[in-house]
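The structure under discussion appears below in the form of structure tokens.
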Amino acid sequence: MAWNDPQWGNKDNRKNSGPPDLDELWKRLNERINGMFGNKGGGDGGGSFPQGVLPGGNLLGLLIILMVLVWVASGFYIVDTGQRGVVLRFGKYAETTEPGPRWHLPWPIESREIVNIDQVRTVEIGYRNNVKSKVVRESLMLTDDENIIDLQFAVQYILKDPVEFLFVNRSPEDAVLQVAETAMREIVGKNKMDFVLYEGRADIADSAKILMQQILDRYKTGINISQVTLQNIQPPEQVQAAFDDAVKAGQDRERSKNEAEAYFNDIVPRARGLASRLKAEADGYKLATTANAEGEASRFSQIMTEYQKAPQVTRERIYLDTMQTVMNNTSKVVVDQKGGNSLLYLPLDKLQQIGSQPYSGAPEVLTQPPVTATTPGSADARSRDAFRSRDREDRP
């Protein structure tokens, strides 16, 4: 059925023609939309559209409905894992949403901010992107012994409170940089240069981390410092050569010190051992000498007792013991008989050599000065008589 059909609106015809067609439904829809927006119909009626069915009104209604649907759908949002949604109502904080699909009243009533609280953020102090691209204004620091060092480090942090991070401070990232630089300057300013360069790198990083966290918590930035990494610590480039010379001198000093300690550890124990040995030997000599002296004194006392009992026998015994001791310590003996012209020479060293050599089957001829030929028995008798007679003459 066309729009200009003369049978349009005939109830009898509509009853006989069955259910309303698409044109009739479209007409009713247009009438309802026009009624909603105050359009009661009218017009010059000269157009191809019937009264109350205007193309502009239809499109405007559809456009408004579509805009309303889009406006309502704009309130839907999704919060991923590791994120938090912060909802604002007319610019004021309303709530914090957890991960998952969420909806809020569309703008301008409510708005949202998605904050990633698990992301590790990094702030670089003293350099940017590379340690070679230095920022001298941030890296030069003064130590406790009034030396200047060039220190570059990085600070890693995460968010622990998105509300504080968004609303309490104007620029929390810049606050982290300024707080990190301030804390590091304070820590470095309390320590010596050698401690900062060599021994205290880990201690300085830990102390700076604690101090940074305290300052950030005081400012309510909602930031948690996770790690402080010292990238490069060295003297300024202007004095690098002189500092290298000083370092080499210090290393030479330590090497000389170690060598001296090694020499000390080698010499002193040996000297102490030698002193201990000499002392032990002296103590042993002391004990031996004392014991020998005591023994000699005891022996003399015993001889004195025996001498008082038998003077003659004791005197001869002492004489014989003394001569035996003397003869054992000499290799040549000359025996002179009193009142005679005979001289007896006994080469004891040669006799000992002959006695120690194995027997070869032939007598060995001694090369020695001529001696007076005497029989062994007579020589021994004369020598004993000479000794005895000499002893008797010498007695008082």
Handout entry: Qualifying positions in the stretch 97-123 - open to solvent by less than 70 Å² (accessible area, probe 1.4 Å), out of contact with any Pro (no Cβ under 7 Å at 6 or more places or on another chain) and in contact (Cβ under 8 Å) with a residue 40 or more places away in the chain
Key = ASN116, ARG121, VAL123
Handout entry: The one condition in (1) in a helix (DSSP H, G or I); (2) open to solvent by 60 Å² or more (accessible area, probe 1.4 Å) that VAL268 fails to fulfil
Key = (2)
Problem - Residues of the stretch 204-235 satisfying the condition of being touching a helix residue (DSSP H, G or I) at 6+ places or on another chain (Cβ under 8 Å) and either in a strand (DSSP E or B) or open to solvent by 80 Å² or more (accessible area, probe 1.4 Å) (or both) - result: TYR219, LYS220, ILE223, ASN224, ILE225, GLN227, VAL228, THR229, LEU230, ILE233, GLN234
Practice task
Answer yes if at least one residue in the stretch 176-190 is within 22 Å of ARG84 (Cβ to Cβ) and open to solvent by less than 10 Å² (accessible area, probe 1.4 Å), and no otherwise.
Solution key: yes
Handout entry: In the stretch 66-96, the residues that are open to solvent by 40 Å² or more (accessible area, probe 1.4 Å), without any contact (Cβ under 8 Å) to a residue 40 or more places away in the chain and of a type in the set (S, T, N, Q)
Key = SER74, THR81
Handout entry: Selection within the stretch 98-132 - under 29 Å from the mean Cα position of the chain (by Cα) and outside any loop (DSSP other than H, G, I, E, B)
Key = ARG121, THR122, VAL123, GLU124, ILE125, TYR127, ARG128, ASN130, VAL131, LYS132
Exercise for the section: Considering (1) under 24 Å from VAL136 (Cβ atoms); (2) among the aromatic types (Phe, Trp, Tyr); (3) open to solvent by 60 Å² or more (accessible area, probe 1.4 Å), say which one PHE243 fails and leave the rest. Expected result: (3)
Problem - Selected residue (only one of TYR319, TYR307 is surrounded by 10 or more Cβ atoms within 10 Å (Cβ to Cβ), touching a residue at least 60 places away in the same chain (Cβ under 8 Å) and touching a helix residue (DSSP H, G or I) at 6+ places or on another chain (Cβ under 7 Å)) - result: TYR319
Handout entry: Residues that are over 30 Å from PRO235 (Cβ atoms) and among the acidic types (Asp, Glu), drawn from the stretch 93-146
Key = GLU95, GLU98, GLU110, GLU113, ASP118
Problem - Matching option when the condition is at pLDDT below 90, in a helix (DSSP H, G or I) and not small (Gly, Ala, Ser), among GLU146, GLU138 - result: GLU138
Completion exercise
The residue that is nearest to the chain's Cα centre (by Cα), considering only those in the stretch 133-147 that are exposed (fewer than 15 other Cβ atoms within 10 Å of the Cβ) and either under 30 Å from PHE76 (Cβ atoms) or hydrophobic (A, V, I, L, M, F, W, C) (or both), is LEU142
Completion exercise
Of the conditions (1) closer than 23 Å to SER133 by Cβ; (2) surrounded by 12 or more Cβ atoms within 10 Å (Cβ to Cβ), the single one that PRO172 does not satisfy is (1)
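The values are calculated or read from the model by the stated rules, or taken from the named source; none is laboratory data. Computed from a predicted structure; not experimentally measured. Ideal geometry is used to build each Cβ from the backbone, glycine not excepted, and the neighbour counts take in all protein chains shown. Ligands, DNA and RNA are excluded from the accessible area calculation, which covers all protein heavy atoms including side chains. Shrake-Rupley method; radii C 1.70, N 1.55, O 1.52, S 1.80 Å.
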